[in-house]
Amino acid sequence: MNKIQRIYLMLFIVLLAIIGFYTFFHAHESKHEEDELEQAEGEYQAGTVYIGIAAQRAAGIQTRRAVQADYQPEHGGVGYVLPVDDLMAIYEQLSATRHALNLSNNALKASTNELQRVVLLNKEHSHTTARRYDEAKRQYQEDFMQSKNLEQQIKATRNTLQRQWGERIAGWFFAEDPQPLTAVLNGERLLVDITLDDEVSGAMGLSSAFIHDSADRATAIPASYVSRSIHAKTASQRESHLFSVQAGRLKAGMRVYAWVAAGQPVPGVIVEANAVIWHEDKPWLYIKTGADVFNRMELQDYYKTGSGWFVANQALVNLDYVFKGAQILLSEEFRWRIPDEDDVP
């Protein structure tokens, strides 16, 4: 073997060494990438997404810190605005009776004084005749019976009010503050009889409601609780409740929708509606748990409100949730579940 042949042989050996090293290194890297891919696929399937900071900016993914919030549970209901013509008639009748009682009491006071004067004169001077005494006594008895009859009429009127409208409204007619009754009788406020969609225990403490004539919660007007209704119930046989509401465009006889507050406020957080994504007919929220890590969390106890979704989960307080780009994260998460064409047999 001459010198040139030896050189070619050495070059050939070096070439084989380079090829062998490259083949080994490439195989090792491929195996490492496959292991990482398998690990990532497992993490994605568990509801975790890894996405770099630059990719987050490019995709428009934004997060926000969840803060403590309270939500007042509401129960839906329907009802109607009550006419108050009979309340007005009772009020006018009661006013007339009270006026008559006032006159009768004045007359009774005068006849009582007259009878006492006649008795005193007869005792001291014997100047009065039996006829004068009998007339004073008769007038006193008539005035006394008139006042008692009028008092009984007022008592009967109160019993009628309690039977037809309940103790609370009956009390308005005899309260020192006339404002609640006056506001209803002059049309400033209306009485609304509401039957709730769900049975609510009185112990839950109904306090207020929002009412609208076309089921628009966003523009519903506030109403204050009055009392349990004793009017005839609907076919549902559920208990109904009376509320007082500002008249506005509502009129007697109109059907209305109600959202009634009941129970104690519930602690949790409020998130934007577009932060919630749906998957497998369930609502989810992405929580940022690292600089490039997002975990998908199922929402289980929630209420849809005018300002977003209230989630009754205090564990979310002070966590960063995705309020923009959540759908992109969901797509990225399940992109790894689509088999590569090279993996299809």
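Coordinate-derived values only; no laboratory data. For clarity, every value in this text was computed on a predicted model and none was experimentally measured. Please note: Cβ atoms are built from the backbone with ideal geometry, for glycine as well, and neighbour counts cover all protein chains shown.
Annotations
- Computed from the Cα positions only, the extents of segment 46-166 along the three principal axes stand at 118, 32, 24 Å, in decreasing order.
- Nonlocal amide H pairs with D292, under 5 Å, H built at 1.01 Å: none
- Signed unit charges on C-beta, dipole axis of segment 51-154, positive-most listed residue G79, A66, L103: A66
- Contact order normalised by residue count of segment 251-302, Cα under 8 Å, 6+ apart, percent: 20
- Dipole size of segment 65-176 about its Cα centre, with +1 on Lys/Arg Cβ and -1 on Asp/Glu Cβ: approximately 480 debye, rounded to the nearest 20.
- For segment 244-333, averaging the sequence separation of C-alpha pairs within contact (under 8 Å, six or more residues apart) and dividing by the residue count gives a relative contact order of 31 percent.
- Whether segment 66-135 is rounded, prolate or oblate, judged on the alpha carbon gyration tensor where a/c under 1.5 counts as rounded: prolate
- The peptide list 75-85, 208-218, 113-123, put in order of mean Cβ contacts within 10 Å with the highest first, becomes 75-85, 208-218, 113-123.
- Cα gyration tensor, segment 102-181 - rounded (a/c under 1.5), prolate or oblate: prolate
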